[in-house]
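As structure tokens, the structure follows; a few thoughts come after it.
The values are calculated or read from the model by the stated rules, or taken from the named source; none is laboratory data. Computed from a predicted model, the values in this text were never measured in an experiment. All Cβ positions, even for glycine, are placed from backbone atoms using ideal geometry, and neighbour counts span all protein chains on display. All accessible areas refer to the heavy atoms of the entire protein, side chains included, with ligands and DNA or RNA removed. Shrake-Rupley method; radii C 1.70, N 1.55, O 1.52, S 1.80 Å.
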Amino acid sequence: MASQVASVFAGIAQAPEDPILGEGKPLVLNVVRCAEQMLINDPSRYKEYLPITGLAEFNKLSAKLIFGADSPAIQENRVVTVQCLSGTGSLRVGGEFLAKHYHEHTIYIPTPTWGNHPKIFTLAGLTARTYRYYDPATRGLDFNGLVEDLSSAPLGSIVLLHACAHNPTGVDPTVDQWEKIRQLMRSKSLLPFFDSAYQGFASGSLDKDAQPVRMFVADGGELLMAQSYAKNMGLYGERVGALSIVCGSADVAVRVESQLKLVIRPMYSSPPLHGPSVVATILRDSEMFNEWTVELKAMADRIISMRQQLFDALKSRGTPGDWSHIIKQIGMFTFTGLNSEQVAFMRQEYHIYMTSDGRISMAGLNMKNLPHLADAIHAAVTKLK
């Protein structure tokens, strides 16, 4: 038996577990299974490396999906799109590109935001600062705080925007508020960096969920866009995403693409083949695309229904407080407004698990477990005010 040797890594501390990531069993869409079967049955398929920028057809179709088929930016060849490792990889590649080639290195992110955002951008070489977004008192948008903070941001700063279904709050600006945000940002030359993880998954409409992004593209200005197909196609483990940069001209777009390749090559060389092939198969075929939109709307509608039923269940129990934010918020997550003490109580007494800030995944609710959750919330709020 080999004797133990002192490790050069002996001083490394145990890192904390990620509070969100865990293993579940996401639904595999019928249209995804169909697309995969088509790929398996195609004898011309090969396993060669993709180019550094990824699968060209996937990139083209992804840009059309988020910006619209009639987008002037696409028609004028001002959009460069590269396939990346889901939303996280798209954000990281975009962040590193900006750190190397953009004159401002400060990115403003909303409070709160997805926990990985500040880490991604900091490691990419940017400085992350915050702007007000969520108002705990109303459990809605702090629009005045948002406007005040962006108004005081230095000219040219980068601003991270959740395209729809803000994570973790589920609180989105109205169309009118988006227009005011657009006008403010353009007046200060603030550079928008959109994160779109839930297109179609929020409202059930791909076009409606893309409206804020298209408003910014329509004014002719520049922006960055990170896309993920994890939620809206259920391709979590395939790590399928895209980074698009809308440039001021076609000439600039060509040069931007050349520099994006230099960011990607030493990072992961080239992206995987299977996931984007599934996406392209679905997006290129009108019949399969329509089947996807039906399945996507069914997922979104189920979550909307769960919101209503949870609200009704709390109301019928006479749970103290105003719970209307549950049906006003949108998308996969709800910021319940429960405090850390109440969350701990529900975990201990009812074996219900959520993040300590009170965020729950609406996708995890169903007709069987919803009454138990409502009972737990009622007990926590009644006993621990």
(message) Looking at (1) among the polar types (S, T, N, Q); (2) crowded, with 20+ Cβ neighbours inside 10 Å; (3) in contact with a His (Cβ under 8 Å, 6 or more places away or on another chain), which one does Gln342 not meet, given that it meets all the others?
(response) (3)
(request) Report, ordered by the first and then the second residue, all pairs with beta carbons closer than 6 Å, sequence separation of six or more or different chains, a first member in the range 49-78 that is at positive phi, and a second member that is part of a helix (DSSP H, G or I) and modelled with pLDDT of 95 or more. (result) Gly68/Arg214; Asn77/Ala250
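Please go through the range 361-376 and give me each residue that is of a type in the set (A, V, I, L, M) and either open to solvent by less than 50 Å² (accessible area, probe 1.4 Å) or outside any loop (DSSP other than H, G, I, E, B) (or both), ordered by number.
Met362, Ala363, Leu365, Leu370, Leu373, Ala374, Ala376
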(request) Restricting attention to the range 345-355, report how many residues are outside any loop (DSSP other than H, G, I, E, B) and either crowded, with 20+ Cβ neighbours inside 10 Å or aliphatic (A, V, I, L, M) (or both). (result) 1
(request) Determine whether Leu223 is at pLDDT 95 or above, out of contact with any Ser or Thr (no Cβ under 7 Å at 6 or more places or on another chain), open to solvent by less than 40 Å² (accessible area, probe 1.4 Å) and closer than 19 Å to Gln75 by Cα. (result) yes
(request) For the range 104-115, enumerate the residues that are under 22 Å from Val171 (Cα atoms) and open to solvent by 50 Å² or more (accessible area, probe 1.4 Å). (result) Thr111, Trp114
(request) Exactly one condition in (1) out of contact with any Ser or Thr (no Cβ under 8 Å at 6 or more places or on another chain); (2) within 30 Å of Leu338 (Cα to Cα); (3) open to solvent by 20 Å² or more (accessible area, probe 1.4 Å) is not met by Ala165; state its number. (result) (3)
(request) Return only the number of the condition from (1) in contact with a helix residue (DSSP H, G or I) (Cβ under 7 Å, 6 or more places away or on another chain); (2) free of Cβ contacts under 8 Å to residues at least 40 places away in the same chain; (3) farther than 16 Å from Ala363 by Cβ that Glu291 does not satisfy. (result) (2)
(request) Report, ordered by the first and then the second residue, all pairs with beta carbons closer than 6 Å, sequence separation of six or more or different chains, a first member in the range 170-190 that is part of a helix (DSSP H, G or I), and a second member that is open to solvent by 50 Å² or more (accessible area, probe 1.4 Å) and of a type in the set (D, E, K, R). (result) none
(request) Among the candidates Gly331, Gly275, single out the residue that is within 19 Å of the chain's Cα centre (by Cα), small (Gly, Ala, Ser), open to solvent by less than 20 Å² (accessible area, probe 1.4 Å) and at pLDDT below 95. (result) Gly331
(request) Scan the range 127-164 for residues that are closer than 21 Å to Met225 by Cα and β-branched (Val, Ile, Thr) and report the count. (result) 4
(message) Of all residues being part of a helix (DSSP H, G or I) and either in contact with a Lys or Arg (Cβ under 8 Å, 6 or more places away or on another chain) or open to solvent by less than 60 Å² (accessible area, probe 1.4 Å) (or both) in the range 310-327, which is farthest from Lys383 (Cα to Cα)? Just the residue, please.
(response) Ile327
(request) Go through the residues of the range 153-162 one by one and say whether even a single one is surrounded by fewer than 20 Cβ atoms within 10 Å (Cβ to Cβ) and of a type outside the set (Gly, Ala, Ser). (result) yes
(request) List the number of the failed condition for Gly358; all other conditions in (1) modelled with pLDDT under 95; (2) farther than 22 Å from Lys25 by Cβ; (3) open to solvent by 10 Å² or more (accessible area, probe 1.4 Å); (4) within 24 Å of the chain's Cα centre (by Cα) hold. (result) (3)
(message) Taking the condition of being over 18 Å from Phe289 (Cα atoms) and of a type in the set (Asp, Glu), how many residues in the range 174-211 meet it?
(response) 3
(request) Check Glu238 against each of (1) open to solvent by 50 Å² or more (accessible area, probe 1.4 Å); (2) under 20 Å from the mean Cα position of the chain (by Cα); (3) closer than 22 Å to Asp70 by Cα; (4) not small (Gly, Ala, Ser) and name the one condition it does not meet. (result) (3)
(request) Return yes or no: is Thr138 open to solvent by 50 Å² or more (accessible area, probe 1.4 Å) and within 18 Å of the chain's Cα centre (by Cα)? (result) no
(message) Where the second residue is open to solvent by 30 Å² or more (accessible area, probe 1.4 Å) and assigned to a loop (DSSP other than H, G, I, E, B) and the first is among the hydroxyl-bearing types (Ser, Thr, Tyr) and lies in the range 348-375, which pairs have Cβ atoms under 6 Å and are six or more apart or on separate chains?
(response) Thr355/Pro19
